[in-house]
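Take a look at the structure below.
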Amino acid sequence: FLTSLPMFRGRLRPLITLWIELLLLRVMNDEDPRRQTYFILDELASLPRIEQLVHAMFEVRKARAMIVVGLQGKAQQDAKYGRIAQTMVSMAATTILMGTSEPEAAQWLSDAIGKLEVERYRESYTESHPLGAGRGHGFQSEITPDQPVMAPEIMGLPPLHAYFRHGNFVVPMKMPYIPVEQHHPQFIRRALTPQSSSVAPTAATNDSTEPAQIITPNQNGERDNAPEQAQEYF
């Protein structure tokens, strides 16, 4: 879990992005994955562009890893990833589409669900003609593309309602609200004890007990060893 406080989140975003990049590369370069790894990236648009995420969504299945991405809007995602954002959404095997008030995003989600070919029959009648032709009755069929879920339907979804898409199956769903039980604090601050600058620290890196000499320039500008009384310990 990569947590951060709102007051430090802006400065930590590049660091969090770097950690995710390194973790994705580590998983993709693992030749013998022994356990399945899950990457849950909620509010992806709040982070800078993750370059390895696009490649990972194509290659991460071979490394026994799964990526769960949470997006809030289409405009934010297009600003970070451009036209490849739609490809990233289409790479997901399972998609949960919730309601949005953005018309362009609703149409985008409707297109992401896909279209169906519907065969419709048209019935026609012909009345009797004055010259003697009788009354006719016929059928004509036509196949037209149709969207199973329209954009206004997505914009009108109530809270906790969504469309579940997996493969060629699209079904409406409702998610119950389950309150999270608090067992631990959300964020634990680390206690910092600043060192006092009045006390000179002692170094244990040098095993020698010989005192260090202070080198001072002489009158000619050349370095010369200081007298022994000016020697100090670091």
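Rolling a 1.4 Å probe over the protein heavy atoms gives the stretch 18-100 an accessible area of 65 Å² per residue.
Taking θ as phi - 60° and the Karplus parameters 6.51, -1.76 and 1.60, the scalar couplings of the stretch 24-37 work out to 5, 5, 5, 5, 5, 8, 6, 6, 10, x, 9, 8, 8, 10 Hz in sequence order, x denoting glycine and proline. Restricting to Cα pairs below 8 Å that are 6+ residues apart, what does the relative contact order work out to for the stretch 1-96? Please round to a whole percent. Contact order relative to length: 29 percent. With θ taken as phi - 60° and the Karplus curve 6.51 cos²θ - 1.76 cosθ + 1.60 applied, the whole-hertz 3J(HN,Hα) list for the stretch 112-124 is 5, 5, x, 10, 10, 9, 10, 9, 10, 9, 10, 9, 10 Hz, x standing for glycine and proline. Dipole magnitude for the stretch 1-150: computed about the Cα centre from +1 point charges on Lys and Arg Cβ and -1 point charges on Asp and Glu Cβ, it is near 620 debye.
Within the assembled protein chains, the solvent-accessible surface assigned to residue 149 is about 10 Å², based on a 1.4 Å probe.
Modelled this way, with points 7 Å down the Cα-to-C-beta line, the labels at residue 2 and residue 146 are 4.6 nm from one another.
The values are calculated or read from the model by the stated rules, or taken from the named source; none is laboratory data. Keep in mind that this is a model prediction, so the values were computed, not measured. Neighbour counts are summed over all protein chains in view; Cβ atoms, including those assigned to glycine, are modelled from backbone coordinates with ideal geometry. These area figures cover heavy atoms from the full protein model, side chains too; ligands, DNA and RNA do not enter into them. Shrake-Rupley method; radii C 1.70, N 1.55, O 1.52, S 1.80 Å.
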